[in-house]
1. Can you tell me, using C-alpha contacts under 8 Å and at least 6 residues apart, the relative contact order of the chain as a whole percent?
2. Mind pulling the angle between the C-alpha long axis of helix 303-312 and the longest principal axis of the chain? Nearest 10 degrees, somewhere in 0 to 90.
3. Where does helix 184-195 land angle-wise versus the long Cα axis of the chain, in degrees 0 to 90, nearest 10?
4. If I fit a long axis through the Cα atoms of helix 156-168 and take the longest principal axis of the Cα atoms of the chain, what angle between them do I get, 0 to 90°, rounded to 10?
5. For the range 145-224, what's the radius of gyration and Dmax over Cα atoms, in angstrom?
6. For a test of the definition: using alpha carbon positions, the gyration tensor, and the 1.5 limit on a/c, classify the range 1-142 as rounded, prolate or oblate.
7. Sequence gap at least 6, Cα distance under 8 Å: using those rules, report the relative contact order of the range 161-297 to the nearest whole percent.
8. Given points 7 Å out from each Cα along the Cα-Cβ axis, report the residue 8 to residue 315 separation in nanometres with one decimal.
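Computed from the coordinates by the stated procedures, all read-outs in this text should not be read as laboratory data. Treat the numbers as computed from the prediction; the structure is a model and nothing was measured. Cβ placement follows ideal geometry from the backbone for every residue including glycine, while neighbour counts extend to all protein chains displayed.
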Ligand SMILES: [Zn+2]
Ligand SMILES: [Zn+2]
């Protein structure tokens, strides 16, 4: 009988090797005890997915990428009592051990035994996502507020990363912030720093279209590094001191040393972007020494930062404009192509469904 031979399948985007992703049939996962399954509604492409595609960052060959994800629970494994079918949720993709030194102080994004959905374990560029029991037990399945549409909720993960960056930079009302690069993550910094009351917000970005968006979305000073003296303009906008914090949102090595010239003494420079593996960059260590500058990085976010992000997103203006390119699962590889071409801002893979 045809039915007995037919195994339920789903469509999935699979990463095989740098430069090679394909849409294929995969078996429909069935949740075991402690697991649950989502019917995906939206998954956005991250700059780090593009870095994997370029061979600059590791992912397991054969993995389904996608860690910026929103969906609806459509199957529950045995023993999962705290969720119900039909729940609209997003996922914190960090699979943390729960018992290492970092996990014990709530910094699961620093877990030394960490695995991540979309890199080590199958992620959300597929019709369905099997959520590992560890993520369910960690509380990394987060309900979406009713007023937040799921295509915007897919931006919870990148937005939580930005909240972590702003926390690291100690951004508070009245903090001056210089943002280097106005790609999707730089612009998310503009929106969320504005929502946090930061000002002045100064953006440096070579692409005119992105400068216009930064201006429209609330940046106070928008500079073109090709024609503006960026360090002088940052100083002029901050009473001669330099910015309280500088965030480098583009993984361009040539931007590292100049970023150090934008920060005030005792300010913070956050390397938010990832950089090509193994590449070195020279900088003047005396700028750090005499300026008592704190140089840091940030990646992903704590559970608490995810929780705060979900509470904040429904009231952030323009957040629904961050996604500019939408694809169905059959065209998911084009989402990579549009990011590689720097066409628009965020690319989203969307899945049909009745829920908003
Ligand atoms: Zn991401
Ligand atoms: Zn851990």
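1. 18 percent
2. Approximately 80 degrees, to the nearest 10.
3. Taking the Cα atoms of the chain, the angle to 184-195 is about 70 degrees.
4. 30 degrees
5. Final numbers for Rg and Dmax: 12.6, 40 Å.
6. oblate
7. Normalised by residue count, the contact order of the range 161-297 is 22 percent.
8. Result: 4.1 nm between the two label points.
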